Structures are given as structure tokens and as C-alpha cells.
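The values are calculated or read from the model by the stated rules, or taken from the named source; none is laboratory data. Just so we're clear, the structure is a prediction, and the values are computed from it rather than from any experiment. Don't worry about glycine lacking a Cβ; one is built from the backbone with ideal geometry, like all the others, and counts go over all protein chains shown. These area figures cover heavy atoms from the full protein model, side chains too; ligands, DNA and RNA do not enter into them. Shrake-Rupley method; radii C 1.70, N 1.55, O 1.52, S 1.80 Å.
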Amino acid sequence: MNTLTTKRITSIDFLRGLIMIIMALDHVRDYFHADSFLFDPLDLSKTTVILYFTRWITHFCAPIFILLAGTSAFLSGQRKTKKELAFFLFTRGIWLIILEETVVNFEWFFNIHFSFFIFGVIWVLGLCMILLAGLIFLPRNLLLILGLIMVAGHNLLDNTHVPKNNTMGFFWGMMHEQKIFEIGHVHIAEFYHVIPWVGVMALGYCLGSIFAKDFDPVKRKHMLLQMGTASLLLFIIIRSINEYGDLYHWTKQETPVLTFLSFINVHKYPPSLDYLLITEGFAMIFLGLTENVSNWLSKIISVYGRVPLFYYLCHLFLIHLGAILAAVLTGYRWSEMISFNDWITELPELKGYGFSLGAVYLIWITIVAILYPFCKKYDRYKSQHKEKWWLSYL
């Protein structure tokens, strides 16, 4: 691998590793923070500034991860034929969907009855890969246009609603509208939606072209900074108009700080245009500024970015296991942390459980640190055994 390629991949892994670490903060907050069982941390009538940003900063994780998944698909395609890349995307997509509804589902709930399923980020990542397997055969300019249309235009569908407990409702929940779908005693939460997210992955795939090894690095940096700045400016303009681009309008609050929090409180399920502009805008700027960064911190963070799925699976299990221990140590039954059939905010038995936000941050740092040697060892194993095809699926 030449020097340019190494720097290019390092900058991507650096960003991906950073968002994986930030992602763990939100999941630790879910299971350990006392207020997680009482109210939404983005509720301006109840939250604090620190709690608000503890949740808000994690908005960057899913959009950047899915964008970079598209970019990585393009870079992987540089070593494959289109048919080989399509086969890999299709099969890995199926694998991710299966993984989401089995292993990931169990890690979230530790419920052997599997009465609650989440169509979450791993699920939509897999489905988007399956769709991208076909989309890569389109001319790149056409794929770029389609991606932009899906990202910029999907908010036109915000007022389209379909009753939830029928086939069309289930399909529409997959495509665009957040729903809890009920089949007997089984609940399915449709949190991540295909239309905007496959558009993000398609744009990430197109973005990969500027990371090709023969692309001028100076030009790449300028393009990334220009695209990032344009995205943020467009966010400010569209959000200021307050008519299109987000399901929720911002409102003037009692203080300037709360008004600012309302302004940046963008909708995630599905990800609004405003949400994607601000998150992907910062991603572009970060990539543009860190291509030549190589220090001890970037190297440590990049380890997590090179084994994101391995890290994801390990961190969920460790967080939930730690939450069981914490519940027992604070006077609750261990079974109360595994017996729920709904999302974690629906735990009446655990009202009163939880820790301060400072403790949450300490637990978060500890969990990330514990996982580092395991991620590093697995990363080394992958790099030393490139002949093992199955490693590319984990």
C-alpha cells in the first residue's frame, strides 16, 4: 500500500473510530443514567445543557457511519469487479440483517423470548448494502443525482401516513415513517428508514471517487472543506427559514441558549435534511482536516474504526452486562434488567435506578478502554489473515 493510500484510509478510520466511541456514550447513558428512564434528554422543558449535548453529539454516529460505509464500498470495489462487489454487498447486507435481529437484538434486551425487534442501524445498513449492490451498476452521475434527491427530497413525504397494523403500514414504516408494529405479542420498532439512508450510502459511494489513489490529495482536501462548509451554510439557511427540511420547527425559547438548542434539535427518525446537512457537513470538514494527522491519539482511535462491527457487538454486550451488575449493586433484581419486552425507557420496575451524568461518563470511558486491547488484537488478526474471506463480514 502506498503512502497516499495509507493516509487516505487512516483519515477515514480515524473519523469512523471517533464516532464509534461517541456512539458508546449514548448507549451507556441509556442503561446507566437515572434520567434515561424518566424523559427524553432532548426535551427542552426537562433537560440540562450538558445532558442535551450528551445525547445530541451522538446524532453524528449513524449518518457518518452509513456515509463511510458507502465510501468503503467504493474503495473495496477498486480491488474487485462490479459483479464481485455487488455479490459482497448483497451477501454482507443479508448477514447484517440476520445479525441485527438475532445477536444484536439479544444484546439489547437479553430476552430469550425475542418479543421485541428493532429495525435499527445495523438492519438499515444491511438493507442499504443490498440495494447498493444494484445501484452501483448505474452511471455514477445518475447515482449521485438519485442520492441527492433521496436526501434532499424525502421530507416531502413527512405528511404521508399509513395505518400501522397492516402490510402497507409495515412497508411504509420501513421506508420513511417511525412506527411500532404489532404482530400478536411481538413488537417491531421501525426506527431506521430506507429512503433517506440508502441515499446517504449512495452519496458515500460517490464520495469514494475522490479517495481513489490517483486523486490529487490537495484537490481532495479543498473539495471536502468546500462541501462541508456548503452543507453547514445550507443547514443554517434552511433551518432559519423554518419551513422545510425537518419534521420539527424550531421555536423561540425563554433564553438564547435554549433557543439555540431548539434550532439544532433536528429530527433523526427518519433523518431529516437538516439533520443530514449538519452531521455530514462536519464529517466532510473533519476528513479534509485530518488526512495528514498521525499521532498517538489518532492511532488509538483508528483501531476502533478498523473493526467497527466487532466493536459494536462487544460494546453492547459489555454495557448491558455492566447494567445488570449495577442494578444488583444498587438493590434491584438482576432479572429486572433482562425481562423487559419494550425499549429501555419502558421499564416501570426500574424507576429510581440510575446514576449521575458524571458517573455515566466515567463508565463510558472505562468500557471503551476495556475494549481497546480486544479491538487491537482482532484488527491485527484481520490484517495478518487477509486470505480468510469471512473476516470481511465481521
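For this structure, a couple of remarks:
- Surface composition of the chain: carbon and sulfur make up 68 percent of the accessible area, probe 1.4 Å.
- The magnitude of the dipole of region 1-160, with charges of +1 and -1 set on the Cβ of Lys/Arg and Asp/Glu and taken from the Cα centre, is near 920 debye.
- For region 279-324, the solvent-accessible area with a 1.4 angstrom probe is 37 square angstrom per residue.
- In the chain, helices alone account for a calculated mean residue ellipticity at 222 nm of -20500 deg cm²/dmol, with every DSSP H run of four or more residues adding -39,500 (n - 2.57).
- Couplings for region 198-203, taken from phi via the Karplus curve 6.51 cos²θ - 1.76 cosθ + 1.60 with θ = phi - 60°, read 5, x, 5, 5, 5, 5 Hz in order; Gly and Pro are left as x.
- Within straight-line reach of residue 46, meaning a Cα separation under 18 Å, sit the following lysines at least 8 residues removed in sequence or on another chain: 252, 351.
- Dipole magnitude of the chain about its Cα centre (Cβ charges: Lys, Arg +1; Asp, Glu -1), debye to nearest 20: 1720 debye
- In sequence order, calculated HN-Hα J values of region 180-191 (Karplus, 6.51, -1.76, 1.60; Hz; x Gly/Pro): 10, 9, 10, 10, x, 8, 9, 10, 10, 9, 9, 9
- Whether the chain is rounded, prolate or oblate, judged on the alpha carbon gyration tensor where a/c under 1.5 counts as rounded: rounded
- Candidate cross-link partners of residue 80 among the lysines, defined by an alpha-carbon separation under 22 Å and a same-chain spacing of 8 or more, comprise 7, 213, 382, 386, 388.
- Positive minus negative residues near residue 365 (Lys, Arg vs Asp, Glu; Cβ under 15 Å): 0
- Separation in nanometres of the label points that stand 7 Å from Cα toward Cβ, at residue 218 and residue 335: 7.0 nm
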